[in-house]
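Following: one structure in structure tokens, then a few remarks.
The values are calculated or read from the model by the stated rules, or taken from the named source; none is laboratory data. Nothing here was measured: the structure is a model prediction, and the numbers come from that model. Virtual Cβ from ideal backbone geometry, glycine too; neighbours counted across all protein chains shown. Ligands, DNA and RNA are stripped out before the accessible areas are found, and what is left, the full protein with its side chains, is counted by its heavy atoms. Shrake-Rupley method; radii C 1.70, N 1.55, O 1.52, S 1.80 Å.
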Amino acid sequence: MTKHSVAIVTLGCSRNEVDSEELAGRLDADGFELVDDPAAAETVLVNTCGFVEQAKKDSVDSLLAAADLKSGGATKAVVAVGCMAERYGVELADELPEADAVLGFDDYAAIGQRLRGILDGERHVPHVPQDRRKLLPVSPVERQAAAGAPVVADLPDGVAPASGPRTLRRRLDGAPVAPVKLASGCDRACTFCAIPAFRGAFLSRRPADVLADARWLAGTGVKELFLVSENSTSYGKDLGDLRLLETLLPELAAVDGIDRVRVSYLQPAEMRPSLVEAMTTTPGVVPYFDLSFQHASAPLLRRMRRFGSTESFLELIASIRDRAPEAGIRSNVIVGFPGETEDDVEELEDFLTRAKLDVVGVFGYSDEDGTEAADLPDKIDLDEIDERVERLNDLVEHLVDQRAEDRVGSEVEVLIESVDGDGVQGRAAHQGPEVDGCTTVRGVRAGVGDVVRAVVVGNDGVDLVATAR
């Protein structure tokens with residue numbers, strides 16, 4: 001059998017990174033050669049993101065750039081997979097003929113067979129998108145029985161779970177941090193979000209499978225586990241134990257070779273005192289809270305089909321900082337949602353000022369296909385949305401700089417991620433991968449994967465400068 005080469009280009013979030021490594025594992029086991037440089041690959045597999053307009057544009061640009069490689073190099077085929085491919089299917093294939101195929105999640109189980117067929121000139125018929133929430137029972141407690149364990153096996157013929165079968169994985173980089181998927185899908189009904197429709201209903205991975213993944217990653221040199229899902233606070237609800245994450249965290253932290261465990265994608269409305277306690281007191285689990293506030297105005301949150309308010313959010317933040325004063329807390333917010341008033345914006349500004357978060361991502365609202373919000377009245381003019389984004393970003397820039405300054409003089413533990421001419425850099429416990437800034441450590445010789453104790457002596461925005469102890 002011919003040994004075909006393939007390069008995987010990954011866009012989007014850490015959940016996509018896991019999917020890419022699972023695809024890489026299946027392809028490697030099926031005899032494909034994995035290469036880093038798309039220009040040297042016979043097939044370029046682009047794992048797309050379909051979350052917001054900019055992410056979709058980036059995905060299309062990456063597909064077009066890969067298609068340009070076919071003009072004279074080794075590349076013979078460009079294939080789209082991932083969320084955008086799943087979400088649009090035949091529509092994407094029609095509008096982007098430069099891609100040789102558009103594959104959905106149900107193709108992942110036979111990814112090697114699909115790529116060989118495409119290279120042999122077979123025409124792949126793209127799928128017609130469907131609402132993947134309907135593939136599993138509405139009741140969470142019935143899902144595991146319907147899905148089977150450890151791999152979903154009893155769905156309709158040819159239908160894979162929302163992130164593909166998870167039986168193999170191959171690391172695509174040597175970073176000391178790696179994402180671990182807790183679950184796939186989401187049961188929430190936020191009016192602005194299309195993710196549940198193409199990622200499917202919420203389905204937890206069983207603890208034994210998560211632990212096996214963690215042990216394997218530790219064996220490859222990983223020092224930090226980054227737990228990801230669409231909603232980590234729901235973990236275990238379909239396994240009959242909504243507090244299962246509290247039980248799992250100390251087991252993950254005890255895995256030989258793992259220095260720290262980080263949880264992401266937390267829903268404020270689903271946070272509970274026992275989870276806050278576990279995340280702030282379990283040795284090896286960093287007190288890091290990635291809380292999806294989205295806004296602070298209670299009336300506007302109801303229009304988003306979300307829950308909370310300035311005061312309830314501040315109470316949650318206070319409960320975290322009472323237990324762990326140095327905890328990292330980050331969030332994202334949306335401005336310009338249909339019906340948002342000036343009073344709503346001022347409420348959000350007041351909340352952010354009082355909350356003193358470490359990092360805040362500000363996003364302007366845009367209609368997403370198939371969402372309830374796309375049909376809501378009282379749309380905000382695009383120029384006004386842009387003005388509100390700029391206004392909030394100016395405030396956030398000042399607030400997060402102030403929060404970073406407050407850490408000067410504090411002691412941090414930094415996981416080293418790069419050593420080069422610019423010095424030794426990594427992330428403190430309150431800094432998540434890629435999005436929360438980094439810490440440069442002076443006065444130390446260390447290697448990638450080492451954990452260094454240091455004292456913060458300065459900052460440049462969210463980035464910290466520290467001196468080794």
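Of all residues in the stretch 333-392, exactly one satisfies the criterion of being aromatic (F, W, Y), within 17 Å of A298 (Cβ to Cβ) and not in a helix (DSSP H, G or I), namely F337. Scan the stretch 314-332 for residues that are outside any helix (DSSP H, G or I) and touching a residue at least 12 places away in the same chain (Cβ under 8 Å) and the total you get is 8.
Scan the stretch 18-38 and tell me whether some residue there is in contact with a Pro (Cβ under 9 Å, 6 or more places away or on another chain), under 24 Å from R169 (Cα atoms) and either of a type in the set (D, E) or not in a helix (DSSP H, G or I) (or both).
Filtering the stretch 18-38 down to residues in contact with a Pro (Cβ under 9 Å, 6 or more places away or on another chain) leaves 18, 21-22, 26.
Pick out the ones that are also under 24 Å from R169 (Cα atoms) and you get 18, 21-22, 26.
In the following step, the residues that additionally are either of a type in the set (D, E) or not in a helix (DSSP H, G or I) (or both) were identified as 21-22.
Checked against the condition, which is being in contact with a Pro (Cβ under 9 Å, 6 or more places away or on another chain), under 24 Å from R169 (Cα atoms) and either of a type in the set (D, E) or not in a helix (DSSP H, G or I) (or both), the stretch 18-38 yields at least one hit.
Scanning the stretch 257-290 for residues that are assigned to a loop (DSSP other than H, G, I, E, B) and closer than 25 Å to E434 by Cα turns up G257, I258, D259, S264, Y265, Q267, M271, T282, P283, G284, V286, P287. What number of residues within the stretch 1-58 are among the basic types (K, R), in contact (Cβ under 8 Å) with a residue 60 or more places away in the chain and under 17 Å from I118 (Cβ atoms)? Of the residues in that region, 1 qualify. Every listed requirement among (1) at pLDDT 95 or above; (2) open to solvent by 10 Å² or more (accessible area, probe 1.4 Å) is met by G370 save one, (1). In the stretch 82-112, which residue that is out of contact with any Pro (no Cβ under 8 Å at 6 or more places or on another chain) and in contact (Cβ under 8 Å) with a residue 60 or more places away in the chain is farthest from C186 (Cα to Cα)? Selected residue: G112.
Checked against (1) closer than 24 Å to S366 by Cβ; (2) more than 22 Å from the chain's Cα centre (by Cα); (3) open to solvent by 40 Å² or more (accessible area, probe 1.4 Å), A93 passes all but a single condition, namely (3). Exactly one residue out of E98, E91, E86 is in a helix (DSSP H, G or I) and touching a helix residue (DSSP H, G or I) at 6+ places or on another chain (Cβ under 6 Å), and it is E86. Step by step: first the residues of the stretch 299-313, then only those that are assigned to a helix (DSSP H, G or I), in contact (Cβ under 8 Å) with a residue 12 or more places away in the chain and open to solvent by less than 30 Å² (accessible area, probe 1.4 Å), then the one that is nearest to C193 (Cα to Cα). Which residue is that? Out of the qualifying residues, it is L300. Among the residues of the stretch 23-37, those that are open to solvent by 10 Å² or more (accessible area, probe 1.4 Å) and out of contact with any helix residue (DSSP H, G or I) (no Cβ under 6 Å at 6 or more places or on another chain) comprise D28, A29, G31, E33, V35, D36, D37.
Out of (1) modelled with pLDDT under 95; (2) not in a helix (DSSP H, G or I), the odd one out for R133 is which? For R133, the failing item is (2).
Evaluation of T2 against the conditions (1) at pLDDT below 90; (2) under 21 Å from G174 (Cβ atoms); (3) among the hydroxyl-bearing types (S, T, Y) shows that the sole unmet condition is (2).
When the stretch 177-199 is filtered for residues that are over 17 Å from the mean Cα position of the chain (by Cα) and open to solvent by less than 10 Å² (accessible area, probe 1.4 Å), only T191 remains. Against the criterion of being without any contact (Cβ under 8 Å) to a residue 40 or more places away in the chain and either open to solvent by 60 Å² or more (accessible area, probe 1.4 Å) or in contact with a strand residue (DSSP E or B) (Cβ under 6 Å, 6 or more places away or on another chain) (or both), P433 does not qualify. Counting only residues that are in contact (Cβ under 8 Å) with a residue 60 or more places away in the chain, in a loop (DSSP other than H, G, I, E, B) and open to solvent by 10 Å² or more (accessible area, probe 1.4 Å), the stretch 212-256 holds 4 of them.
Of the listed requirements (1) under 29 Å from Q54 (Cβ atoms); (2) modelled with pLDDT of 95 or more, G409 misses just one: (1). When the stretch 394-428 is filtered for residues that are open to solvent by 30 Å² or more (accessible area, probe 1.4 Å) and hydrophobic (A, V, I, L, M, F, W, C), the ones remaining, listed by number, are L395, V408, V419.
Is it the case that S62 is assigned to a helix (DSSP H, G or I), of a type in the set (S, T, Y), farther than 18 Å from L168 by Cβ and touching a strand residue (DSSP E or B) at 6+ places or on another chain (Cβ under 7 Å)?
When the stated conditions are applied, S62 passes them.
Selection of the stretch 136-180 for residues being at pLDDT below 50, among the acidic types (D, E) and more than 21 Å from K237 (Cβ to Cβ) yields only D157. Report yes if some residue within the stretch 63-79 is open to solvent by less than 10 Å² (accessible area, probe 1.4 Å), modelled with pLDDT of 95 or more and either within 24 Å of V180 (Cβ to Cβ) or of a type in the set (F, W, Y) (or both); otherwise report no. No, that holds for no residue.
Evaluate the stretch 363-370: report whether one residue or more is touching a residue at least 12 places away in the same chain (Cβ under 8 Å) and in contact with a Phe, Trp or Tyr (Cβ under 7 Å, 6 or more places away or on another chain). Yes; the residues of the stretch 363-370 include at least one that is touching a residue at least 12 places away in the same chain (Cβ under 8 Å) and in contact with a Phe, Trp or Tyr (Cβ under 7 Å, 6 or more places away or on another chain). In this structure, A355 does not qualify as of a type in the set (A, V, I, L, M, F, W, C) and open to solvent by 20 Å² or more (accessible area, probe 1.4 Å).
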